[in-house]
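Quick notes on the structure that follows.
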Amino acid sequence: MLSFKVSANQIYIPMDEVQKNHLKAYGLAFWVLKNYDTEIDWLLNYRGGSFMFPVSQTFINECVIRGISYEVISEANASNILSIVKNPDVNMDAVKLQKAPKIAVYSPKSAQPWDDAVTLALTYAEIEFTKVYDDEVMSGKLPEYDWLHLHHEDFTGQFGKFIRLKSSAWYQEQKREVEGIAAKYGFSKSSQLKGAVAKKISDFVLGGGYMFAMCNATDTFDISMAAQGLDIVESIYDGDGADPSANSKLNYNNCFAFKGFTLVEDPYEVEFSNIDNQPQDRGVNESNDYFTLFEFSAKYDPIPTMLTQNHQNLIKGFLGQTTAFKKRYIKSEVIILAENRISDEARYMHGTAGKGFWTYYGGHDPEDYQHLVNEEPTDLNLHPNSAGYRLILNNVLFPAAKKKKLKT
C-alpha cells in the first residue's frame, strides 16, 4: 500500500451526507487558510470532497461554534485516507489549499431589488469579501484581488432592459449612479462605461485573475466584449439609436464562452440575445427541472473536479434573467460542468483566458426557483446543505489550490 507522511493528528471534515452544514465548512476552510499557517488537503471525490488539516483545539472550537460536523483522526488514519485517494486506480486525489484568496464582489452601491446568491453564500459561510463597482474597476483596483464575482449586472448598458420599471425608485437610483460614474470617466453614455468596465474585467482575467459570474452577468459580459466599439443600445436607454447592422459586426473572438449568437434588438424584450434558453423553450418546469454534474478525472482534470465537488450529482434547477446556455452558442474549448439533458442546455461551465480562469453558472438563486423583484432574500440558515450553493463555494476555494500544471 502507498504511504504518505502526515504530521500528528488531523481534523477531518466530511462533505458527504453526514455533514450538518456544508456551507459553513467552506467558511471554516477559508478561515483556517487566512488566519493560520496551515495547509488543507481537499480530498477530491472522497466523500463529497472532504477537507483534512492538522488538528488544534482552536480549530475544534470553531467547528463546534459553526455547527460543522468533524472528526479528529490519527496520523495513521489520515495516512490511510491519502493512500486511498492517491491510488492510481481510483478517481480521487488530494489538492493542497495554501492561501485564502482576496475576494471582490462587483455590486452597485445603490440599493437593488434582488439578492445576490454569492453575497448570501459568502456572508453565511463567514468568508470576507469587498464590494467593488465601476469606480473601483475604472480606477485600477481589480489587481488587488484574486477572485471577482459578477452577478445580476447588465454589461451592455441597458439597465437590465427593465425599461417598463423605469419609474421605480431603485431603477432611477441605479441609473443616476451609473451615469455619474460614466461622466466622471469622460463617457457620454452609460453603455460606453459598461463596455470599458467589461474590458477592464477581461484584462484582469487575462492577467491571471479568477472570475465567477452568475445570472445575466454571464451573457451580457460576453455580449459587451463582442460589441466593443459598437452601439447596440437603443435610444430609450441612451438617447441615440443602435447600429442597425451591429449583429453583423460582433467580434466573438473577444468572448470567453460564446460564439455565433445574435442580439435581441427589441429594447422592451428582457432577453439580451439568443444565448439564454428561455423558459418557454426549455420543456421543463419547477417539478422536473434538474441538472446533472459531470464527473471528471481528479488526477488529470483537477480544476473541473474541484468545481464540481458535491454530495449530490443531480442539482435542483432554478431560473434567472439568464437561466441556461444553448449549447450551439458555446465555444468548443469551453468545459461544460453541468447540463440539463431534457432541455439540452449547459447550466455551469468553465474555461481559461490568458493566464486566468472564468466560470459561468446560469440562474439567479439556487434555493429560490423564480426569484422576483423585491422578494425577501433567501435565508441560508434554512439551506445549510444546499447542493446548488456548494457549487458557488467550490469556486471561492479554487484559487487557494497549490499551483501546478493543470490539464483543463
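The values are calculated or read from the model by the stated rules, or taken from the named source; none is laboratory data. Everything numeric here is computed off the predicted structure, so don't read it as measured data. Counting neighbours? That spans all protein chains shown, and the Cβs are built from the backbone with ideal geometry, glycine included. Quick note on the areas: whole protein, heavy atoms, side chains included, nothing else; ligands and nucleic acids left out. Shrake-Rupley method; radii C 1.70, N 1.55, O 1.52, S 1.80 Å.
Taking the residues in segment 245-258 that are in contact with a strand residue (DSSP E or B) (Cβ under 9 Å, 6 or more places away or on another chain) and within 16 Å of Ile201 (Cα to Cα) as candidates, determine which candidate is most open to solvent (accessible area, probe 1.4 Å). Break it down into steps so the answer makes sense when it comes.
Pass one, segment 245-258, residues in contact with a strand residue (DSSP E or B) (Cβ under 9 Å, 6 or more places away or on another chain): 246-247, 250, 252, 256-258.
Next, from what is left, pick out any that are within 16 Å of Ile201 (Cα to Cα): 256-257.
Details: Phe256: 20, Ala257: 0 Å².
Per the stated criteria, the residue is Phe256.
Looking only at segment 201-231, count every residue that is part of a loop (DSSP other than H, G, I, E, B) and within 19 Å of the chain's Cα centre (by Cα) and tell me the total.
Within segment 201-231, the subset part of a loop (DSSP other than H, G, I, E, B) is 207-209, 215, 227-231.
This time we only want the ones that are within 19 Å of the chain's Cα centre (by Cα), so: 207-209, 215.
Number satisfying all stated conditions: 4.
In the set Leu314, Leu307, Leu337, Leu319, which member is free of Cβ contacts under 8 Å to residues at least 40 places away in the same chain and in contact with a helix residue (DSSP H, G or I) (Cβ under 9 Å, 6 or more places away or on another chain)? Selected residue: Leu314, the only one of Leu314, Leu307, Leu337, Leu319 that is free of Cβ contacts under 8 Å to residues at least 40 places away in the same chain and in contact with a helix residue (DSSP H, G or I) (Cβ under 9 Å, 6 or more places away or on another chain). Is there a residue being within 23 Å of Asn21 (Cα to Cα), assigned to a loop (DSSP other than H, G, I, E, B), touching a residue at least 12 places away in the same chain (Cβ under 8 Å) and of a type in the set (Phe, Trp, Tyr) anywhere in segment 354-371? Looking through segment 354-371, at least one residue is within 23 Å of Asn21 (Cα to Cα), assigned to a loop (DSSP other than H, G, I, E, B), touching a residue at least 12 places away in the same chain (Cβ under 8 Å) and of a type in the set (Phe, Trp, Tyr). Scanning segment 196-224 for residues that are in contact (Cβ under 8 Å) with a residue 60 or more places away in the chain, open to solvent by 10 Å² or more (accessible area, probe 1.4 Å) and among the hydrophobic types (A, V, I, L, M, F, W, C) turns up Phe204, Leu206.
Within segment 374-390, residues that are free of Cβ contacts under 8 Å to residues at least 12 places away in the same chain have Cβ atoms under 9 Å from residues that are part of a loop (DSSP other than H, G, I, E, B) and of a type in the set (A, V, I, L, M) in no pair, counting only partners at least 6 apart in sequence or on another chain. Residues that are open to solvent by 30 Å² or more (accessible area, probe 1.4 Å) and in a loop (DSSP other than H, G, I, E, B) were ranked within segment 153-167; the one that is nearest to Lys99 (Cα to Cα) is Phe162. Among the numbered conditions (1) over 27 Å from Asn395 (Cβ atoms); (2) modelled with pLDDT under 95; (3) in a helix (DSSP H, G or I), the only one that Gln192 does not meet is (2). Filtering segment 12-29 to residues that are β-branched (Val, Ile, Thr) and in contact with a strand residue (DSSP E or B) (Cβ under 6 Å, 6 or more places away or on another chain) leaves only Ile13. The sole residue among Ala298, Ala242 that is in a loop (DSSP other than H, G, I, E, B), surrounded by 13 or more Cβ atoms within 10 Å (Cβ to Cβ), modelled with pLDDT under 95 and not basic (Lys, Arg) is Ala242. Checked against the criterion of being in contact with a Pro (Cβ under 6 Å, 6 or more places away or on another chain), buried (at least 21 other Cβ atoms within 10 Å of the Cβ) and assigned to a helix (DSSP H, G or I), segment 376-396 contains one or more residues that satisfy it. Of the numbered criteria (1) at pLDDT below 95; (2) farther than 21 Å from Asp219 by Cα; (3) surrounded by 14 or more Cβ atoms within 10 Å (Cβ to Cβ), the one Glu271 fails is (2). Identify the residue in segment 108-133 that is modelled with pLDDT of 95 or more, open to solvent by 30 Å² or more (accessible area, probe 1.4 Å) and assigned to a loop (DSSP other than H, G, I, E, B) and, among all such residues, is nearest to Asp368 (Cα to Cα). By that ranking, first place goes to Glu126. Pairs are defined by a Cβ separation below 7 Å, a sequence spacing of at least 6 or placement on different chains, a first member in segment 70-99 that is touching a residue at least 24 places away in the same chain (Cβ under 8 Å) and among the aromatic types (Phe, Trp, Tyr), and a second member that is surrounded by 15 or more Cβ atoms within 10 Å (Cβ to Cβ) and not in a loop (DSSP other than H, G, I, E, B); the pairs so defined are Tyr70/Ile11; Tyr70/Tyr12; Tyr70/Ile13; Tyr70/Cys63. If you check Ala182, Ala198, which single one turns out to be within 24 Å of Leu122 (Cα to Cα) and not acidic (Asp, Glu)? That would be Ala198, the only listed residue that is within 24 Å of Leu122 (Cα to Cα) and not acidic (Asp, Glu). Of all the residues that make up segment 134-152, how many are out of contact with any Lys or Arg (no Cβ under 6 Å at 6 or more places or on another chain) and in a loop (DSSP other than H, G, I, E, B)? Adding up the residues that qualify gives 5. Being open to solvent by 60 Å² or more (accessible area, probe 1.4 Å) and either assigned to a loop (DSSP other than H, G, I, E, B) or out of contact with any strand residue (DSSP E or B) (no Cβ under 7 Å at 6 or more places or on another chain) (or both) is the filter here; which residues of segment 301-333 pass it? Listed by number, the residues that qualify are Gln312, Asn313, Arg328, Ser332, Glu333.
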